[in-house]
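Structure first, then comments.
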Amino acid sequence: MAYLEPQDGIRLARRVRPVRPSGAKSDETFADFGAKTSTYASHDVIYYEGDPARRLFEVASGTVMLFKLLPDGRRQVVEVLRQGEIFGLAGSDEYDCTAETLTEATVHELELRLVEGSAEVQCKLAKCLSNQMRILHEHAVLLGRKSAVERVASFLMYLVPDRGGLGCIGPDDEDNDGYDLKLHMTRQEIADYLGLTIETVSRVVSDLKRRGVIRIDRSDQIHLKRVCSLCQMTGMH
């Protein structure tokens, strides 16, 4: 039999079925472990802060944000989640933030009892959360130390797949380093994620446009003229 020590936020069973030597397959989703699949429209609330924590969730498609509200109504977006990322892990019997879709989304919802009884699910959970923890550490640096320009540049770079950060090998073609971004967040939501005011976000975006770093095609679409130029503005070089 396999035994796991209890972890914060999940009441793990003392005895679980043995895990395969390789652990959970990288392409397995919560649906493979008995989760139900739900669909949500844009800006639907999946759960509210303070709701009973009975399920874990995995984004199958679309984008989800987690946020907390202060007593005076101010909002801090604490995490933006994309396909394959997990949320709903609570440190108590209640969710500690609100989960809301930013786009139409499909979400796998897994009962906690299924997590407690499967070492394979726990293995998948550990792998996913270790990557998300790295992203949260980077976001803490962004909020605590980066300038407004560096915050906006970092946010835009986060939306470019396989670019930026450690290990980035740069563009395949130096003369063709553009990228079209589809934004699923309003400027107010971006401001709440970056810890800025909406006026500051608008000012920085206008400045990036004036400097020729980006081109605004529509309110929800930005063209990065040269990804490397934007990356150099993130404060990580």
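Readers should treat all values here as calculations from the given coordinates under stated rules, not as data from a laboratory. Here the structure is a predicted model, which is why all the values come from computation and not from measurement. Positions of Cβ are generated from backbone atoms using ideal geometry, with glycine treated the same way; all protein chains shown enter the neighbour counts.
Using a Gaussian network for the chain with springs between C-alpha atoms less than 10 Å apart, which of these wobbles most: ASP72, ASP93, ASP220?
Comparing ASP72, ASP93, ASP220 in the GNM, the peak value goes to ASP72.
Cut-off is 10 Å between beta-carbons; in what order do SER206, SER118 appear when sorted fewest neighbours first? Provide the component values of the computation, followed by the final result.
Working: SER206 12, SER118 20.
Result, fewest neighbours first: SER206, SER118.
Taking the convex hull of the Cα atoms, report for the stretch 120-237 its projected area averaged over all directions, in nm².
Taking the Cα atoms of the stretch 120-237, their convex hull projects to 8.4 nm² on average.
Given the options GLY73, GLY164, GLY91, state which has the largest fluctuation in a GNM of the chain using a 10 Å cut-off (strictly under) for Cα springs.
Its mean-square fluctuation being the largest, the pick is GLY73.
Once each part is reduced to its C-alpha centroid, what is the distance from the stretch 58-121 to the stretch 123-186 in angstrom?
Each part's Cα centre sits 20 Å from the other's.
Loop only by DSSP, 12 or fewer other Cβ within 10 Å of the Cβ. Give me the trypsin sites (Lys or Arg not before Pro) in the stretch 139-237 that pass, ordered by residue number. Write out the running numbers ahead of the final one.
Working: sites: ARG145, LYS146, ARG151, ARG163, LYS182, ARG187, ARG203, LYS209, ARG210, ARG211, ARG215, ARG218, LYS225, ARG226; in loops: LYS146, ARG163, ARG211, LYS225, ARG226.
Those satisfying the criteria are ARG211.
Mean residue ellipticity at 222 nm from the helices of the chain, using -39,500 (n - 2.57) per DSSP H segment of n ≥ 4 over the full residue count, to the nearest 500 deg cm²/dmol?
Mean residue ellipticity at 222 nm (helix-derived): -9000 deg cm²/dmol.
Efficiency by 1/(1 + (r/R0)^6): what FRET value for SER202 and ALA126, r their Cβ-Cβ distance, R0 = 45 Å, to the nearest 0.05?
0.65
With the cut-off at 32 Å, tell me which of the pairs LYS36/LYS182; LYS124/LYS225; LYS127/LYS225; LYS36/LYS68; LYS124/LYS182 have Cα atoms farther apart than that.
As for pairs spanning more than 32 Å Cα to Cα, those are LYS124/LYS225; LYS127/LYS225.
Taking the 0 to 90 degree range and rounding to the nearest ten, how far is the long axis of helix 119-145 tilted relative to the main principal axis of the chain, both from C-alpha atoms?
With rounding to tens, the tilt is 30 degrees.
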